[in-house]
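> First the structure, then my questions, so here it is.
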Amino acid sequence: MSHLIAPSILSADFSNLKKDIEMINKSYADWFHLDIMDGVFVPNISFGIPVVRDIKKHAKKPLDVHLMITDPDKYFSDFKKAGADIISFHYEASNHLHRSIQALKDLGIKAGVAINPHTNISLLEDIICDVDMILIMSVNPGFGGQKFIENTYDKIQKLKNIIISKNTNTLIQIDGGVNLDNAPKLFKAGADILVAGNTVFSSDNPISVIQKLKG
């Protein structure tokens, strides 16, 4: 598949959010990435269901919702109703991983599992055939603008090997510290989707940056 780019709305201008949504619609971006933080699972609070619903009114591309929250299962249905096309929840926040994945499948939505930088890739081997996507955090979750963790490349390669060995089509998404310098290396290592926040929205020409990120 071709490389996908999912700009992170967390870095957008919330005083003029519609403008940034329209920019993404016009760009070569593939998805909208929406980071949902509850101030408990991660030390930050972002936005919730009403904002997702409002973004959906204007977005012309799929909404990729990343739940950095405790008890994510409680909110799957609400986020689906708000317009989520893909929902990723954290391995570290789920006591019953298969049940959570199945709950998303039952809603008719694509299921992703996210892992923090310290979580070992091998823990995903038993569920790799059940999910549509694995989201590897390449910074510690909670805040944008953090420094990229170099060990991410090794994790991507290990995950890719598991995916190949299991003969599945699970996608690999990378979130955190993605920029124009490391994007080609991430794709080369085996990533399919890159989330980019500050790199896109701090640019004078975000549409051009998105195009360059795709390679």
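The values are calculated or read from the model by the stated rules, or taken from the named source; none is laboratory data. Owing to the predicted nature of the structure, the values given are computational and were not obtained by experimental measurement. Virtual Cβ from ideal backbone geometry, glycine too; neighbours counted across all protein chains shown.
> Among the residues of segment 65-79, is any modelled with pLDDT of 95 or more, closer than 27 Å to Asn205 by Cα and within 18 Å of the chain's Cα centre (by Cα)?
Yes, segment 65-79 has at least one match.
> Hey, another quick one. Find the residue count for segment 124-139, including only residues that are in a strand (DSSP E or B) and surrounded by fewer than 21 Cβ atoms within 10 Å (Cβ to Cβ).
Qualifying residue count for the region: 1.
> Listed residues Leu124, Leu107; which is free of Cβ contacts under 8 Å to residues at least 40 places away in the same chain and within 18 Å of the chain's Cα centre (by Cα)?
Matching residue, one of Leu124, Leu107: Leu124.
> Restricting to segment 177-190, and then to whatever is without any contact (Cβ under 8 Å) to a residue 40 or more places away in the chain and in a loop (DSSP other than H, G, I, E, B), can you tell me which residue is nearest to the chain's Cα centre (by Cα)?
So, considering only residues that are without any contact (Cβ under 8 Å) to a residue 40 or more places away in the chain and in a loop (DSSP other than H, G, I, E, B), the one nearest to the chain's Cα centre (by Cα) is Gly177.
> With Gly190, Gly197 as the choices, which residue is of a type outside the set (Ser, Thr, Tyr) and surrounded by fewer than 19 Cβ atoms within 10 Å (Cβ to Cβ)?
Testing whether each residue is of a type outside the set (Ser, Thr, Tyr) and surrounded by fewer than 19 Cβ atoms within 10 Å (Cβ to Cβ) leaves just Gly190.
> Turning to a different aspect of this structure: Condition test on Lys56, is it more than 18 Å from Ala196 (Cα to Cα), touching a residue at least 24 places away in the same chain (Cβ under 8 Å) and surrounded by 16 or more Cβ atoms within 10 Å (Cβ to Cβ)?
For Lys56, the condition - more than 18 Å from Ala196 (Cα to Cα), touching a residue at least 24 places away in the same chain (Cβ under 8 Å) and surrounded by 16 or more Cβ atoms within 10 Å (Cβ to Cβ) - is met.
> Which one of these does Val195 not meet: (1) part of a loop (DSSP other than H, G, I, E, B); (2) closer than 24 Å to Pro43 by Cα; (3) under 18 Å from the mean Cα position of the chain (by Cα)?
The failed condition is (1).
> Val40 versus (1) closer than 19 Å to Ile69 by Cβ; (2) under 18 Å from the mean Cα position of the chain (by Cα): which is the lone unmet condition?
(2)
> Would you check if Lys61 is loosely packed, with under 15 Cβ neighbours inside 10 Å and closer than 22 Å to Lys26 by Cβ?
Taking the combined requirement at face value, the residue does not satisfy it.
> Need the failing condition index for His66 against (1) surrounded by fewer than 21 Cβ atoms within 10 Å (Cβ to Cβ); (2) touching a Ser or Thr at 6+ places or on another chain (Cβ under 6 Å), just the number.
(1)
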